[in-house]
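For reference, the structure is listed below as structure tokens.
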Amino acid sequence: MKDRIYVCHTFYHAYISVVKELNLKSEERGRASLMLSSMSNDFGDFAKRAEKSGLFEEVISFDEKEDVTFPEIMKYHKDRGNIILNLFQRIKYTKALGKAQEAYVPIDFREYKDIYVFNDSDPIGYYLNYKKIYYHAVEDGLDTVVYTDDARYGNRGFFGLKAFMAAHNLIFIENGYSKYCIDFEVNDLSRIKYTMPNFIEVPRKELTKAVKQEDLHYLTDIFLDENWNTLEYFKSAPSYKKKVMILSDPVCDHETRKKIMRDIVDEYGKDATVFIKQHPRDIVDYTEELPDCIIVKERFPMEIMNIIPEFHVDLAVTILTVPDGIEFADKVIFLGNDFMDKYEDPAIHRTIEMI
């Protein structure tokens with residue numbers, strides 16, 4: 001049996017996986033596998049750097065497939081106008097999506113003692129339940145369930161019945177409700193309105209603080225390409241100007257996203273050196289839109305900036321990115337839902353209020 005495997009869909013997932021490994025004693029490291037899904041994120045040459053670090057036994061690429069890939073599965077997405085008919089349809093969907101992944105899963109998960117899945121709402125969750133394989137679910141982002149409880153939001157109406165069916169593996173619900181989910185690891189239990197007995201608290205700040213100084217090089221070696229040059233822009237920025245870091249988010253359509261960033265720069269970037277840290281899944285090119293800003297295009301989780309002293313800024317502005325993980329700024333402004341109300345239908349982002 002192999003020890004453990006982390007199934008990651010984003011750079012942040014990989015970051016937490018690395019931090020978890022660095023919390024172990026040195027002799028316990030190098031036994032885990034890191035699995036990178038290409039479904040929603042392009043990891044580039046990250047896998048090579050992770051493998052070279054020696055922190056993982058192997059790094060595996062996973063060509064996970066969304067439901068839209070299979071027309072024969074998408075037919076089960078039609079609303080039949082009746083809760084009973086819709087649930088029967090969903091039973092078929094759950095099994096079909098799980099089964100469809102078999103051709104793309106490159107390993108035998110039964111070989112691992114522990115399986116950690118970030119964002120089990122993706123097809124991998126359906127697959128593991130289809131194969132009746134137990135796993136640990138891990139919160140997608142920092143306090144994700146506090147702000148967007150997708151399990152309950154996506155199952156509004158007759159939730160008790162749906163949760164009962166998920167517990168008996170008839171349908172699938174993410175974040176701790178499925179039969180084969182052993183537990184659901186979250187950052188802060190006290191802030192989550194609806195919980196389950198299998199929710200466990202693992203504060204991410206404690207995980208990062210526990211990483212020893214001599215091990216921080218793993219994070220920079222793995223997440224920063226050897227050719228990255230953003231640090232030079234920080235060093236050359238005028239000392240008499242304040243530094244402002246704006247964190248983009250993959251929200252709205254591309255044109256609306258450009259307007260959002262322009263408005264933020266106009267509001268908070270006056271008389272400042274402005275850096276735009278692009279979210280790894282934000283592929284909009286802001287170069288022409290914001291010619292006076294320095295675009296940080298390197299794809300790494302923002303937490304890496306906490307361990308590089310030169311990355312310090314006077315102000316960081318986030319849209320929906322939870323600000324609790326930001327230590328590289330003197331002041332942080334979280335714009336949140338009130339700000340987003342101006343740009344899109346509030347029902348899209350005010351999911352907690354709609355449960």
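The values are calculated or read from the model by the stated rules, or taken from the named source; none is laboratory data. Fair warning: this is a prediction, and the values are worked out from it, not measured in the lab. Neighbour counts are summed over all protein chains in view; Cβ atoms, including those assigned to glycine, are modelled from backbone coordinates with ideal geometry.
Within the range 220-247, being loosely packed, with under 11 Cβ neighbours inside 10 Å and in a loop (DSSP other than H, G, I, E, B) holds for Glu226, Asn227, Asn229, Pro238, Ser239, Tyr240.
Would you check if there is a residue in the range 98-117 being at positive phi and either in the same structural domain as Ile171 (by TED's automatic domain parsing) or without any contact (Cβ under 8 Å) to a residue 24 or more places away in the chain (or both)? Within the range 98-117 (the criterion being at positive phi and either in the same structural domain as Ile171 (by TED's automatic domain parsing) or without any contact (Cβ under 8 Å) to a residue 24 or more places away in the chain (or both)), the answer is no, since none of the residues qualifies. Filtering the range 255-264 for residues that are within 15 Å of Lys331 (Cα to Cα), under 22 Å from the mean Cα position of the chain (by Cα), β-branched (Val, Ile, Thr) and assigned by TED's automatic domain parsing to the domain that holds Phe328 leaves an empty set.
Only one of these is out of contact with any Phe, Trp or Tyr (no Cβ under 8 Å at 6 or more places or on another chain) and crowded, with 16+ Cβ neighbours inside 10 Å: Val59, Val7. Name it. Outline the logic, then answer.
On the way: Val7 fails: out of contact with any Phe, Trp or Tyr (no Cβ under 8 Å at 6 or more places or on another chain).
Checking each option against the conditions leaves just Val59.
Kindly indicate the residue of the range 162-208 that is aliphatic (A, V, I, L, M) and without any contact (Cβ under 8 Å) to a residue 40 or more places away in the chain and also nearest to Tyr126 (Cα to Cα) among those meeting that condition. Give the derivation first.
Here is the first cut: in the range 162-208, the residues aliphatic (A, V, I, L, M) are 163, 165-167, 170-171, 173, 182, 186, 189, 192, 196, 200, 202, 207.
Then drop every residue that is not without any contact (Cβ under 8 Å) to a residue 40 or more places away in the chain, which leaves 163, 166-167, 173, 189, 196, 200, 202.
Values: Ala163: 15, Ala166: 11, Ala167: 13, Ile173: 9, Leu189: 25, Met196: 20, Ile200: 22, Val202: 24 Å.
That would be Ile173.
Note on the range 290-317: residues that are more than 22 Å from Arg204 (Cβ to Cβ) and modelled with pLDDT of 90 or more amount to 8.
Hey, can you tell me all the residues within the range 64-121 that are among the small types (Gly, Ala, Ser) and surrounded by fewer than 16 Cβ atoms within 10 Å (Cβ to Cβ)? Give the derivation first.
Of the residues in the range 64-121, the ones among the small types (Gly, Ala, Ser) are 81, 96, 98, 100, 103, 121.
Listed by number, the residues that qualify are Gly81, Ala103.
Note on the range 270-281: among residues that are at pLDDT 90 or above and surrounded by fewer than 21 Cβ atoms within 10 Å (Cβ to Cβ), the one that is nearest to Tyr12 (Cα to Cα) is Ala272. With respect to the conditions (1) crowded, with 22+ Cβ neighbours inside 10 Å; (2) part of a strand (DSSP E or B), Glu174 falls short on a single one, namely (2).
The set of residues in the range 177-219 that are part of a strand (DSSP E or B) and of a type in the set (Phe, Trp, Tyr) comprises Phe184, Phe199. Only residues that are under 19 Å from the mean Cα position of the chain (by Cα), not in a loop (DSSP other than H, G, I, E, B) and not small (Gly, Ala, Ser) were counted in the range 319-336, giving 3.
Scanning the range 72-122 for residues that are among the small types (Gly, Ala, Ser) and not in a helix (DSSP H, G or I) yields Gly81, Ser121. The number of residues in the range 248-257 that are out of contact with any Asp or Glu (no Cβ under 6 Å at 6 or more places or on another chain) and surrounded by 14 or more Cβ atoms within 10 Å (Cβ to Cβ) comes to 3. Checked against the criterion of being of a type outside the set (D, E, K, R), at pLDDT 95 or above and within 29 Å of Cys293 (Cβ to Cβ), the candidates Thr208, Thr230, Thr220 yield just one match: Thr208.
Residues in the range 21-45 that are surrounded by fewer than 19 Cβ atoms within 10 Å (Cβ to Cβ), in a helix (DSSP H, G or I) and either charged (D, E, K, R) or not assigned by TED's automatic domain parsing to the domain that holds Glu58 (or both): 2 in all.
Screening Gly30 against (1) small (Gly, Ala, Ser); (2) touching a residue at least 60 places away in the same chain (Cβ under 8 Å); (3) touching a Gly at 6+ places or on another chain (Cβ under 8 Å) leaves a single unmet condition, (2).
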